[in-house]
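The values are calculated or read from the model by the stated rules, or taken from the named source; none is laboratory data. Bear in mind that the values here come from a model prediction, so they are computed numbers and not experimental data. Please note: Cβ atoms are built from the backbone with ideal geometry, for glycine as well, and neighbour counts cover all protein chains shown. Remember, those area values only see protein heavy atoms, side chains included, never the ligands or the DNA or RNA. Shrake-Rupley method; radii C 1.70, N 1.55, O 1.52, S 1.80 Å.
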Amino acid sequence: MSLNLRQKQTECIIRMLNLNQPVNSSTGMANEEVYKILIYDKSSQDILSPLIHVKDLRKHGVTLFFLIDKPRKPIPDVPAVYFIRPTPSNLQRVVADAAVPLYDTFHLNFSSSIPRPLLEDLASGLLKSNDAVSRVSKVHDQYLDFVTLEDNLFSLAFSNCYVQLNDPKAEQREIEEIIEKVVDGLFCVLATLSVVPIIRCPQGGAAEMVASSLDQRLRDHLLSKNNLFSEGGNFASSFQRPVLCLFDRNFELAMGIQHDFRYKPLVHDVLGLRLNRVSVQGEKGGTKSFELDGLDPFWVANGGLEFPEVAVEIENQLTKYKKDVDDVNRRTGGTSGAEFDGTDLIGNTKHLMSAVNSLPELTERKQVIDKHTNIATVLLGEIKERSLDSYAKKEYDMMVRGIIDMNELMGVLKGKGSKMDKLRFAIMYLISLEIVPQSEAEMVETALREAEVDTSAFQYVKKIKSLNVPLTSASAASRGNIVGWAGNLLAAGMKNLMSGDSQLALARIVEALMEGRPNQEVDSYLLFDPRAPKSSSGSHLRGPFKEAIVFMIGGGNYVEHASLQELVSRQQPARHIIYGTTEILTGAEFVEQLALLGKKMGLGANLAPSAH
């Protein structure tokens, strides 16, 4: 059975909502229903939002839910489930709530493991209040501190990770704290899946630091008798473990910047898809909000298609819907071509029951079609206004060919598109060409300034590229030299683009790591096996693997997720890949982080590029 992160995390949350009691596998509910209140913080709200809807909370006995930092009134005789991060401020609120007391009993669930000092602070705070300790029923570490958006997509919701890791002024201690934060999140993911993977990563930089630290964390945890991986995982799972492939964003910088013309990346990049929700402007003013997740069959089936194909598919679905409505109306003696509302069911009683039964399904299909018609209409407007199709095509051609005519380049910079579109295109030009003539780079920079674009990000990438680093792996980079990491890895990423292979370098490397055959692109990759003695070479654990977890440090996107799912779709025998990242970024958001790094290095102007 394939690893399904969404299902696993949802099961853990449902168990937590049922006061950590066993849930009946047939009903999906606890044997004894208890009405309760849910208290959460902002980060836990983001974890819950894509997985649990209000109706699901009601189903599991949650009658009210509140943010922990909002004023709340006492509700006696009712248990409260707290789902929060273990932070000093949250613990102070818990102590204050228990001292009142606001609720009958307190079931404390921390999204990650609570550090010993904070646990002691919580205990001492509760002891100072009368009966407060007796009101705390249980304390649980849930290891759920990550956001699952799809069955095979997750984020640690770790903001500005790329900036923090690549800040030239960052001290070693600060880098280590960031690495530990990433390791904490990955440990939560692995604990939820109940798997101990084989870890692979390129040498040097953040990927190796995370791999080494995670390996040690897992080794230390496996020494304890009742560890998280001795439960939940079946015996067979130890024979077929997944491979965890770790990468630094600089490995393939272009994928964080380029324009993409597939539906799902386009909705994210242009409309700001967040936590599986997107808001668009309605025809009559006002804002419409739509949910786009695994329960939407059109989104699941067509998210990876190019936008023109999606538009055709919407039309096809609408035609099929109208045909099915006409068919129902004809069989029941109704009027052909009428909107199906269930009122015109007269005449032929023989088909009445089947027509009534088909009403909910037809209504649901129409709602899905209307939703995607709305979204596609707004997208089309943005595409026409900003020539996004042209940006996507020209950037792709530039990456594959490694060259662009200067007249064509200047035409794009002086043509349609937002300031941010032009800046992203200019940076793609820097990355795609192996050698950028100084005179051409100056012409591009001048064109950007004339368009009133902040050039900090452009100058930052140009600076990193000019470090004259050989196009090899980052094995020689010092852990403390962050600019060194960036230079080496960015150079390696550019070499990946120069290959002329239309498959993303990330997908190509992941495929090679899963196959486990000798391959010069991955032979130098490090291997960590937390279950094996450190002296072991691990050569027998190089594959092939049926399942992989691919994790991008420094920000990921729907472009890479789509590329990996395309890889899965063409692999035989079938394989499974989960994609995760420190945070999911639009092209504009990632370029803003590059601009911030440029300013930290004293580069660029003080003009802010507009995202639209």
Practice prompt. Run L380 past the list (1) hydrophobic (A, V, I, L, M, F, W, C); (2) out of contact with any helix residue (DSSP H, G or I) (no Cβ under 7 Å at 6 or more places or on another chain); (3) without any contact (Cβ under 8 Å) to a residue 60 or more places away in the chain and report the number of the one that doesn't hold.
Written response: (3)
Worksheet item: Is it true that V310 is closer than 21 Å to M399 by Cβ, touching a residue at least 12 places away in the same chain (Cβ under 8 Å), touching a helix residue (DSSP H, G or I) at 6+ places or on another chain (Cβ under 7 Å) and not in a loop (DSSP other than H, G, I, E, B)?
Response: no
Worksheet item: Just checking, which of S537, S569, S563 is buried (at least 22 other Cβ atoms within 10 Å of the Cβ) and modelled with pLDDT under 95?
Response: S563
Practice prompt. Please determine, by comparing only the residues of region 51-90 that are of a type in the set (A, V, I, L, M), part of a loop (DSSP other than H, G, I, E, B) and within 26 Å of the chain's Cα centre (by Cα), which one is farthest from Q21 (Cα to Cα).
Written response: I68
Practice prompt. Check every one of the helices (runs of 4 or more DSSP H) wholly within region 142-225 and list those with 1 or more residues that are in contact with a helix residue (DSSP H, G or I) (Cβ under 7 Å, 6 or more places away or on another chain) and more than 26 Å from L541 (Cα to Cα).
Written response: 161-166, 172-193
Worksheet item: Which one of the conditions (1) modelled with pLDDT of 95 or more; (2) hydroxyl-bearing (S, T, Y); (3) out of contact with any Ser or Thr (no Cβ under 9 Å at 6 or more places or on another chain) does S129 fail to meet, given that it meets all the rest?
Response: (1)
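Report whether or not S569 is over 25 Å from K264 (Cα atoms), among the small types (G, A, S) and out of contact with any strand residue (DSSP E or B) (no Cβ under 9 Å at 6 or more places or on another chain). Full working, then the answer.
Details: over 25 Å from K264 (Cα atoms): no; among the small types (G, A, S): yes; out of contact with any strand residue (DSSP E or B) (no Cβ under 9 Å at 6 or more places or on another chain): yes.
Judged against the criteria, S569 is not a match.
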Fill in: Number of positions in region 282-300 that are within 18 Å of the chain's Cα centre (by Cα) and open to solvent by 60 Å² or more (accessible area, probe 1.4 Å)
2
Worksheet, complete the sentence: Among residues of region 256-270 being outside any helix (DSSP H, G or I) and touching a strand residue (DSSP E or B) at 6+ places or on another chain (Cβ under 9 Å), the residue surrounded by the fewest Cβ atoms within 10 Å (Cβ to Cβ) is F261
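Those residues that are hydrophobic (A, V, I, L, M, F, W, C) and open to solvent by less than 40 Å² (accessible area, probe 1.4 Å), I need them from region 398-421; list them, please. Walk me through it before giving the result.
Going through region 398-421, the residues hydrophobic (A, V, I, L, M, F, W, C) turn out to be 398-400, 403-404, 406, 409-410, 412-413, 420.
Answer for region 398-421, where residues must be hydrophobic (A, V, I, L, M, F, W, C) and open to solvent by less than 40 Å² (accessible area, probe 1.4 Å): M398, M399, I404, M406, L409, M410, V412, L413, M420.
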Fill in: Which listed residue, of S212, S224, is surrounded by fewer than 24 Cβ atoms within 10 Å (Cβ to Cβ) and at pLDDT below 90
S224
Practice prompt. Search region 166-186 for residues being open to solvent by less than 10 Å² (accessible area, probe 1.4 Å) and of a type in the set (A, V, I, L, M, F, W, C), and hand back the single one that is nearest to Q9 (Cα to Cα).
Written response: L186
Worksheet item: Within region 422-443, restricting attention to residues that are modelled with pLDDT under 95 and β-branched (V, I, T), which residue is surrounded by the fewest Cβ atoms within 10 Å (Cβ to Cβ)?
Response: I435
Worksheet item: Which residues, taken from region 84-129, are within 30 Å of T148 (Cβ to Cβ) and among the polar types (S, T, N, Q)?
Response: T87, S89, N90, Q92, T105, N109, S111, S112, S113
Worksheet item: Hey, does region 166-178 have a residue that's at pLDDT 95 or above and touching a strand residue (DSSP E or B) at 6+ places or on another chain (Cβ under 7 Å)?
Response: no
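One line per residue, one yes/no per condition, for (1) farther than 30 Å from P297 by Cβ; (2) modelled with pLDDT of 95 or more; (3) open to solvent by less than 70 Å² (accessible area, probe 1.4 Å):
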site	(1), (2), (3)
D56	no, no, yes
K59	no, no, no
I84	yes, yes, yes
A99	yes, no, yes
H107	yes, yes, yes
R135	yes, no, yes
D145	yes, yes, yes
T148	no, yes, yes
Discussion item. Any residue at all in region 456-463 that's at pLDDT below 75 and closer than 16 Å to L253 by Cα?
Written reply: no
Discussion item. Being at negative phi, without any contact (Cβ under 8 Å) to a residue 40 or more places away in the chain and of a type in the set (S, T, Y): is that true of T10 here?
Written reply: no
Fill in: Search result, residues across region 572-587 that are of a type in the set (A, V, I, L, M, F, W, C) and open to solvent by less than 10 Å² (accessible area, probe 1.4 Å)
I577, I578
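Tally up the residues in region 114-141 that are assigned to a helix (DSSP H, G or I) and not hydroxyl-bearing (S, T, Y), please. Working first, answer last.
Let us first name the residues in region 114-141 that are assigned to a helix (DSSP H, G or I), namely 116-127, 132-135.
Remaining after also requiring not hydroxyl-bearing (S, T, Y): 116-123, 125-127, 132-133, 135.
Residues that pass the stated criteria total 14.
Could you tell me whether F528 is buried (at least 16 other Cβ atoms within 10 Å of the Cβ), touching a helix residue (DSSP H, G or I) at 6+ places or on another chain (Cβ under 8 Å) and either charged (D, E, K, R) or over 14 Å from L246 (Cα atoms) (or both)? Explain how you work it out, then say what you get.
Working: buried (at least 16 other Cβ atoms within 10 Å of the Cβ): yes; touching a helix residue (DSSP H, G or I) at 6+ places or on another chain (Cβ under 8 Å): yes; either charged (D, E, K, R) or over 14 Å from L246 (Cα atoms) (or both): no.
Judged against the criteria, F528 is not a match.
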Item to complete: Looking only at region 387-397, decide whether some residue is open to solvent by 10 Å² or more (accessible area, probe 1.4 Å), more than 29 Å from the chain's Cα centre (by Cα) and not charged (D, E, K, R).
Response: no
Practice prompt. Search region 68-80 for residues that are touching a residue at least 24 places away in the same chain (Cβ under 8 Å) and closer than 12 Å to F106 by Cα and pair each with any residue that is of a type in the set (K, R) and open to solvent by less than 100 Å² (accessible area, probe 1.4 Å) when their beta-carbon atoms are under 7 Å apart and the residues are at least 6 apart or on different chains.
Written response: V78/K36; P79/K36; A80/K36
Discussion item. Testing L48 on (1) touching a residue at least 40 places away in the same chain (Cβ under 8 Å); (2) surrounded by 14 or more Cβ atoms within 10 Å (Cβ to Cβ); (3) not β-branched (V, I, T), one condition comes back false. Which one is that?
Written reply: (1)
Discussion item. Just to verify a result, which residue in region 21-39, among those that are open to solvent by less than 50 Å² (accessible area, probe 1.4 Å) and modelled with pLDDT of 90 or more, is farthest from H60 (Cα to Cα)?
Written reply: I39
Worksheet item: Taking region 301-333 only, how many residues are of a type in the set (A, V, I, L, M, F, W, C) and over 29 Å from the mean Cα position of the chain (by Cα)?
Response: 3
